[in-house]
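Visitor: I have a structure here, written as structure tokens, and I will follow up with some questions on it.
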Amino acid sequence: MTPFVAHRPGTLEQAVSLLSENEDAKLLAGGHSLIPVMKQGLATPSALVDLDLIAELKGISLTPKGVRIAAMTRHAQVAASDMVSGAIPALAALAGRIGDPHVRHRGTLGGSVATNDPNADYPAAVLALDAIVETTARTIAAQDYFCGMYTTALEPDEIIVGIEFPRPDWACYEKACHPASGFAMVGVFVARFGGEVRVSITGAGVDGVFRHAGLETALVAEFSPESIDDVEIDADDMASDFHASQAYRANLVKVLTRRCVARCLSETPRD
Amino acid sequence: MNCEFTVNGKIIAAEVSSTLLLADFLRDSAKLTGTHIGCDTSQCGCCVVHVDGRSMKSCATFAWQVNGANIVTIEGLADGEELHPMQAAFRKCHALQCGYCTPGMIMTAVDMVNRLGQVSEPEVIREQLEGNICRCTGYHNIVRAIQVGAAAMHGVEITAPEHETGKGQPA
């Protein structure tokens, strides 16, 4: 592995300065995306800025709108949080199905959302729940945050501090995992807020996570699994690779959306 | 970077380079070669150790990231000559053939029981083994061993269930 300088700042201010001073420095969160690509020589940062010792990047709290999760909170902590399962059970369930137990002990919300891997789970929740990404510089609405696979609105010296997820009436996440890697070949997150329905899709799109207007319109008209039967999912918008063709992914989008809606309807909405 | 770890109860001070992975530190510096490196791409789980009580893949962690931590490897489970109940269960149930994945499997099994209690449902155990790959056994005997080991860790002796019924009878 190419040598680099390791920094372990204790405050966000120090972390931002270290990022500004080192042009090709990278932030280190859980490391389970970055370290493997460094081992392959696909990333060769001159410095790593580890965020693990910054206290304000950890923790979960309730807000008037929903729940706020600090960026370095690990997947296992989100999955086990009574606050998250109380406010948004689908979000806790999503976190509890990321990767495997060892990955969930290390991986973080901020790391996942900053990486924006096209097959990651969290971006689907951020987009469907209309979450607010808080950074060291500003707040970014979910719809302005994701800019294509592995690309986000973050500036080079900007760090995600936390993400606030509004509490929906109903929400559900379903995914079809690749049997070996466990990553989502397609994942669908459906969230309903009053008369609004948001459907986001991860793993399938050529440009990473996206919302599907056709599915949303059909589900606003009638929130039932059958209501999407006639919705066209354009296979040309789907990714195609060794694991799944465009047509297969397009079909999975509808299958998983139906499952989400059926699951929502089987549960009592919040008061 | 100067670091200090507690490894299997012993304090080890070491100067580690930035690129040194925890798995390599344990194997090459601490001479604890029970922690294996299988895929080196975070898939197989052969390198799983416990850091501050939680399982983690030591091949995807730099040693300096766990400076100050309490680390337990497969060598730290047995009490002298007496095997840890999970190790004894793996032996009793023939839960290994080549044995390469076994240290990671056992560390994962112990972590699973520490978090979830006396696991017995095969579906739960198999889901918890998502991050560990075995290419010999077909997993059946590993699942049985974890049922038996989880019970033993709770002071309950069960016979190895024949068909993963999850309903092993007290002996």
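Visitor: Restricting attention to segment B:51-63, does a residue exist that is under 20 Å from A:Phe4 (Cβ atoms), within 8 Å of another protein chain (Cβ to nearest Cβ) and more than 17 Å from the chain's Cα centre (by Cα)?
Guide: Yes: one or more hits.
Visitor: Within segment A:104-124, is there a residue that is basic (Lys, Arg), assigned by TED's automatic domain parsing to the domain that holds A:Leu19 and in contact with a strand residue (DSSP E or B) (Cβ under 9 Å, 6 or more places away or on another chain)?
Guide: Looking through segment A:104-124, at least one residue is basic (Lys, Arg), assigned by TED's automatic domain parsing to the domain that holds A:Leu19 and in contact with a strand residue (DSSP E or B) (Cβ under 9 Å, 6 or more places away or on another chain).
Visitor: Could I ask something else about it? Only one residue in B:Gly34, B:Gly68 is in a loop (DSSP other than H, G, I, E, B), surrounded by fewer than 21 Cβ atoms within 10 Å (Cβ to Cβ) and within 11 Å of chain A (Cβ to nearest Cβ), so which one is that?
Guide: On inspection, the qualifying residue turns out to be B:Gly68.
Visitor: Quick check on A:Ala124: is it surrounded by 24 or more Cβ atoms within 10 Å (Cβ to Cβ), more than 30 Å from B:Met105 (Cβ to Cβ) and in contact with a Gly (Cβ under 8 Å, 6 or more places away or on another chain)?
Guide: When the stated conditions are applied, A:Ala124 passes them.
Visitor: Now a separate question. Among the residues of segment A:94-114, which ones are within 13 Å of chain B (Cβ to nearest Cβ) and in contact (Cβ under 8 Å) with a residue 40 or more places away in the chain? Can you show your working first?
Guide: Taking segment A:94-114 first, the residues within 13 Å of chain B (Cβ to nearest Cβ) are A:96-108, A:111.
Once the filter is applied, which keeps residues that are within 13 Å of chain B (Cβ to nearest Cβ) and in contact (Cβ under 8 Å) with a residue 40 or more places away in the chain, segment A:94-114 yields A:Arg97, A:Gly99, A:Asp100, A:Val103, A:Arg106, A:Gly107, A:Thr108, A:Gly111.
Visitor: Next question. When segment A:232-271 is examined, which residues are found to be closer than 28 Å to A:Gly182 by Cα and part of a loop (DSSP other than H, G, I, E, B)?
Guide: Selection gives A:Glu232, A:Ile233, A:Asp234, A:Ala239, A:Ser240, A:Asp241, A:Phe242, A:His243, A:Ala244, A:Ser245, A:Glu267.
Visitor: Can I ask one more? Of all residues in segment A:41-88, which are loosely packed, with under 14 Cβ neighbours inside 10 Å and assigned to a helix (DSSP H, G or I)?
Guide: A:Ala55, A:Glu56, A:Asp82, A:Gly86
Visitor: Which of the following residues is farther than 30 Å from A:Leu12 by Cα, in a loop (DSSP other than H, G, I, E, B), touching a residue at least 60 places away in the same chain (Cβ under 8 Å) and of a type in the set (Gly, Ala, Ser): A:Gly182, A:Gly208, A:Gly148, A:Gly187?
Guide: When all the criteria are applied, what remains is A:Gly182.
Visitor: From the list A:Ala171, A:Ala176, exactly one residue is surrounded by 24 or more Cβ atoms within 10 Å (Cβ to Cβ), more than 14 Å from chain B (Cβ to nearest Cβ) and part of a strand (DSSP E or B). Which is it?
Guide: Matching residue, one of A:Ala171, A:Ala176: A:Ala171.
The values are calculated or read from the model by the stated rules, or taken from the named source; none is laboratory data. Treat the numbers as computed from the prediction; the structure is a model and nothing was measured. Cβ coordinates were reconstructed from backbone atoms using ideal geometry, including for glycine residues, and neighbour counts include every protein chain displayed.
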